[in-house]
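Asker: My questions all concern the structure below.
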Amino acid sequence: MTEKQNLLRNLPAVDRLLHEEGIDNLLPRLPRRIVLEAVQETIASYRDAITGMTDTENNTEAMDLSLGKLAEEAAALAEKMAGMNLKSVINATGIIIHTNLGRAPLPEAAVEALNDIASRYNNLEFSLDKGKRGSRQEHIEDLICQLSGAEAAIAVNNNAAAVFLALNTIAAGREVVVSRGQLVEIGGSFRIPEIMATSGAALREVGTTNKTYLRDYEEAVNENTAAFLKVHTSNYHMVGFTAEVGTAELASAAHKRGLLVLEDLGSGVFIDLEKYNLPPEPRVQDSIANGADLVTFSADKMLGGPQAGIIVGRKELVSAIKTNQLARTLRVDKFSVAALEATLRLYLDEDRAVKEIPVWQMLTAKPETLKKRADKLAEALGNIFEPARVKVVKSISKVGGGALPMAELPTYLVSLELSGMGLTPEGVVEKLRFTDPPVILRIYRDNLLFDPRTIFEYQEETLVKVVGEVCQV
Ligand SMILES: *Cc1c(COP(=O)(O)O)cnc(C)c1O
């Protein structure tokens, strides 16, 4: 008999491993089907490893096939399989609105609202004032109108839905004029030309990639034109020889011809960013004041709230949107309404919004504060690694989420040098994806980089602990 056959014969049967201590006592804490699957997978992976060995490989003796060893592996796998797939992570990348990492972390007030609403009945569509059926939009509409100066508002599933629904309502079967410089793609799947086609509006491209003038829009108007669409090119920036038409100018030209102006702002903001030394970003209230008839934006980008898309604008247009049959398919759920109302309420007092909304805390974090936090983190890492490996370096953080692509927020990174430790940065980064909680970070050459801007202070201790464990220091 070959060594391989011998090894295969020595692999325990599923039943035998299931009754092994360390597996047996996972029940009844973990579902039986998960424990069974983990045991089967562990045995199968050993079987594959043995079968795949070449005869020249001399590692057959080295393979530990003891019941204890297999039980340990199967138990670890079962624990992993029984854990949540969706979980919180530590974002050490410094990218504030990271779409892959769930965009905006919610302010405490929104979390409290969710807690109250999620597990109990609530007045989602019941008017307590009138004692009869109400609308889920009533909880947020007045707030959005106050903050934006618009006559009416509706929240839907996300901003892609907002753009789609607005176009479908005002321009299905008609033409919408858009600048070639604004036919953008956001996040890989949202493309203005495609969304327009799906909404039933016909795209009429005007101008060139870098320059579009008012006359380009005007010359494109015919009896089938419904609107001018202005898209904020939120995730890229064009420099050099460029021209685009402002909302006010576009609105006045449109209104003279009985046309509408729809503006997709992408990342909606109510706060003047320049007050905080950040690059300017068009505010929702400016678009409304400048005459846009409908404005759409996301609630989970720079607004810092839950996933939702908001449409604000003229009352009769928003009413038409509300009664569009598609509005039902794109409606916001009660969790988003709860978190959105709580987040919007913070904006009634701008100082409070900036202090309590995590996205704004991070956007406005002062370099000297970040330096102090980086120093503290570096000291903690220096206590477990050789101190010479840990440095604090000046760098930049990014806003992310297709917002403020040019903004470079000065920050201080903690850099941990791995060379000579027998570890590769890629290997450590991979291991850090499986810690509890996982840590997502950047690397530069042989260094792990941690940006305190997006790390919550209460996560620092855990971060240091898991990094130490992964690097086995
Ligand atoms: C992000 C963005 C969208 C899509 O918004 P979602 O809320 O992700 O659906 C649409 N338009 C612009 C300009 C954006 O920046």
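Every read-out reported here was derived from the displayed coordinates using simple, explicitly stated rules and does not represent laboratory data. Quick caveat: nothing in here was measured; it's all calculated off a predicted structure. Virtual Cβ from ideal backbone geometry, glycine too; neighbours counted across all protein chains shown.
Asker: Among all the aspartates and glutamates, which ones have a C-alpha under 17 Å from Lys372's C-alpha, if same-chain residues fewer than 8 places away are not counted?
Answerer: Output for Lys372: Asp451, Glu457, Glu460, Glu461.
Asker: Determine the relative contact order of the range 215-361: mean sequence separation of Cα pairs under 8 Å and six or more apart, normalised by residue count, in whole percent. Present the calculation step by step, with values, prior to reporting the outcome.
Answerer: Numbers: 185 pairs, mean separation 25.7, N = 147.
For the range 215-361, the relative contact order is 17 percent.
Asker: Output the Cα-based Rg and Dmax of the range 351-428 in Å, rounding Rg to one decimal and Dmax to a whole number.
Answerer: Rg and Dmax of the range 351-428, Cα atoms, are 15.4, 49 Å.
Asker: Just tell me the longest site-free run in the chain, where the sites are trypsin sites (Lys or Arg not before Pro) in a DSSP loop having at most 14 other beta-carbon atoms within 10 Å. Working shown, then result.
Answerer: Working: sites that count: Arg29, Lys87, Arg120, Lys130, Arg257, Arg433, Arg445.
Answer - 258-432.
Asker: Counting other Cβ atoms within 10 Å, keep those with at most 14, restrict to DSSP loop, and tell me which GluC sites (Glu not before Pro) in the range 384-473 are left.
Answerer: Details: sites: Glu408, Glu417, Glu426, Glu430, Glu457, Glu460, Glu461, Glu469; in loops: Glu408.
Here the GluC sites (Glu not before Pro) that fit, given the DSSP loop and packing criteria, are Glu408.
Asker: Here's another thing I want to ask about it. Can you tell me the 0 to 90 degree angle between the C-alpha axis of helix 367-384 and the longest principal axis of the chain, rounded to 10?
Answerer: 10 degrees
Asker: Once both labels are modelled 7 Å past Cα along the beta-carbon direction, what's the Lys4-Lys211 spacing in nm?
Answerer: Label-label distance for Lys4 and Lys211, simple model: 7.1 nm.
Asker: If you don't mind, another one. Enter the mean projected area of the convex hull around the alpha-carbon atoms of the range 402-472, in nm², rounded to one decimal. Could the numbers behind the result be given before it?
Answerer: Working: hull surface 22.6 nm².
If you wrap the Cα atoms of the range 402-472 in a convex hull and average its projections, you get 5.6 nm².
Asker: Give me the distance between the Cα centres of the range 217-264 and the range 1-38, rounded to whole Å.
Answerer: 66 Å
Asker: Just need the relative contact order of the chain here, percent rounded to a whole number, with Cα pairs under 8 Å and 6+ apart.
Answerer: 19 percent
Asker: Oh, and also: Using the Kirkwood radius over Cα pairs, work out the Stokes-Einstein diffusion coefficient for the range 3-82 at 10 °C and 1.306 mPa s, in µm²/s as a whole number.
Answerer: 122 µm²/s
Asker: Taking 0.36 nm per residue of separation and subtracting the Cα-Cα distance, what length does fully extending Ala388 through Phe335 add? All intermediate terms of the calculation are to be shown ahead of the outcome.
Answerer: Values: separation 53, 0.36 × 53 = 19.08 nm, distance 4.76 nm.
That works out to 14.3 nm of additional length.
Asker: Something else about it: Over the alpha-carbon set of the range 324-473, divide Rg by the Kirkwood Rh and report the Rg/Rh ratio to two decimals. Don't skip to the answer; put the middle values down first.
Answerer: Working: Rg = 18.9 Å, Rh = 17.6 Å.
Across the range 324-473, the Cα-based Rg/Rh ratio is 1.08.
Asker: In nanometres, what is the gap between the two model label sites at Ser66 and Thr51, each 7 Å from Cα along Cα-to-Cβ?
Answerer: Here the modelled spin labels are 2.8 nm apart.
Asker: Please give the FRET efficiency for Asn224 paired with Asp351, using the beta carbon to beta carbon distance and R0 = 51 Å, rounded to the nearest 0.05. Walk me through the intermediate numbers first.
Answerer: Working: r = 49 Å, r/R0 = 0.96.
Approximately 0.55, to the nearest 0.05.
Asker: Quote the FRET efficiency, to the nearest 0.05, computed for Glu368 versus Arg191 with a Förster distance R0 of 51 Å and r equal to the Cβ-Cβ distance.
Answerer: Details: r = 42 Å, r/R0 = 0.81.
The calculated FRET efficiency here is 0.75.
Asker: Also, quick follow-up: Quickly rank 303-310, 240-247 as a protection proxy: mean count of other C-beta atoms within 10 Å, highest first. Present the calculation step by step, with values, prior to reporting the outcome.
Answerer: Working: 303-310: 26.5, 240-247: 13.5.
Output ranking for 303-310, 240-247: 303-310, 240-247.
Asker: May I ask for the distance between the Cα centers of the range 117-159 and the range 375-404, given as a whole number of Å?
Answerer: Cα centroid of the range 117-159 versus Cα centroid of the range 375-404: 42 Å apart.
Asker: Could you state the angle between the C-alpha long axis of helix 138-148 and the longest principal axis of the C-alpha atoms of the chain, as a value from 0 to 90 degrees rounded to the nearest 10?
Answerer: Roughly 70 degrees between the two axes.
Asker: Assuming R0 = 25 Å, what is the FRET efficiency of Ser319 and Arg180, from their Cβ-Cβ distance, to the nearest 0.05?
Answerer: 0.15
Asker: Still on this model: With respect to the cross-link table entries Lys230/Lys275; Lys87/Lys391; Lys371/Lys391; Lys275/Lys371; Lys371/Lys394, which display a Cα-Cα separation exceeding 20 Å? Write out the running numbers ahead of the final one.
Answerer: Details: Lys230/Lys275 25 Å; Lys87/Lys391 30 Å; Lys371/Lys391 11 Å; Lys275/Lys371 22 Å; Lys371/Lys394 9 Å.
Result: Lys230/Lys275; Lys87/Lys391; Lys275/Lys371 exceed 20 Å.
Asker: From the helices alone, meaning DSSP H stretches of at least four residues, give me the mean residue ellipticity at 222 nm for the chain, per-run term -39500 (n - 2.57), in deg cm²/dmol to the nearest 500.
Answerer: Details: 19 runs with 192 residues, N = 473.
The per-residue figure over the chain is -12000 deg cm²/dmol.
Asker: To continue, here is another question. Using the Cα atoms of the chain, I'd like the radius of gyration and the largest Cα-Cα distance, Dmax, both in angstrom.
Answerer: Over the chain's Cα set, Rg and Dmax evaluate to 27.9, 92 Å.
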